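Here's the structure, in structure tokens; my notes come after.
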Amino acid sequence: MREELIAWYRERAQERLDRRVGVWAERLGVKPGAVLVREQRTRWGSADAKGKLRFNWRIVQAPARLLDYVVAHELVHLLHADHTREFWATLGPVMPDYEALREKLRVMGPAMVW
Ligand SMILES: [Zn+2]
């Protein structure tokens with residue numbers, strides 16, 4: 001039962017993440033590589049140097065705006081590898097409420113890990 005449920009979530013996650021990566025990549029003017037959905041316990045997403053994006057399927061349980069935060073955050077990593085001032089200065093103009101979203105994700109996150 002648990003495996004079936006996770007498989008279902010993973011499919012939904014792939015669909016939603018593909019769609020939102022498209023929207024945010026255009027907004028940020030970046031060209032991401034593959035969008036991979038993974039089983040991760042401690043991270044919501046990551047981006048490697050080649051532009052490949054990996055997301056935790058669990059993020060699909062979050063409200064749309066939080067999923068968007070994770071997507072936009074990882075896409076900004078294609079421009080800035082670390083959380084430097086430049087990183088946040090790139091995210092800020094396209095997502096002015098990012099600090100509140102980040103905090104919400106921190107608070108809600110644990111409930112999405114099961
Ligand atoms: Zn980051």
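The values are calculated or read from the model by the stated rules, or taken from the named source; none is laboratory data. As the structure is a computational prediction, the values presented were derived from the model and not from experiment. FYI the Cβ positions are ideal-geometry reconstructions off the backbone, even for glycines, and counts take in every protein chain you see.
Structural remarks
- Unique match (being on the phi < 0 side of the Ramachandran plot and touching a strand residue (DSSP E or B) at 6+ places or on another chain (Cβ under 9 Å)) among 10, 27: 10
- Residue within region 40-48 that is of a type in the set (S, T, N, Q), under 17 Å from residue 109 (Cβ atoms) and under 10 Å from the mean Cα position of the chain (by Cα) present: yes
- Single residue of region 65-92 satisfying the filter (loosely packed, with under 13 Cβ neighbours inside 10 Å and closer than 17 Å to residue 43 by Cα) that is nearest to the ligand (Cβ to nearest atom): 83
- Conditions (1) more than 11 Å from the ligand (Cβ to nearest atom); (2) on the phi < 0 side of the Ramachandran plot; (3) outside any helix (DSSP H, G or I): number failed by residue 51: (2)
- Test: residue in region 14-35 that is within 17 Å of residue 109 (Cα to Cα), surrounded by 14 or more Cβ atoms within 10 Å (Cβ to Cβ) and not basic (Lys, Arg): no
- Given (1) of a type in the set (Lys, Arg); (2) without any contact (Cβ under 8 Å) to a residue 40 or more places away in the chain; (3) assigned to a helix (DSSP H, G or I), index of the condition residue 58 fails: (2)
- Only one entry in 57, 44, 24, 114 is modelled with pLDDT under 95 and aromatic (Phe, Trp, Tyr), namely 114.
- The lone exception for residue 8 - which of (1) modelled with pLDDT under 95; (2) more than 26 Å from residue 94 (Cβ to Cβ) it fails: (1)
- When residues of region 74-114 are limited to those that are among the hydroxyl-bearing types (Ser, Thr, Tyr) and not in a loop (DSSP other than H, G, I, E, B), the one farthest from residue 50 (Cα to Cα): 98
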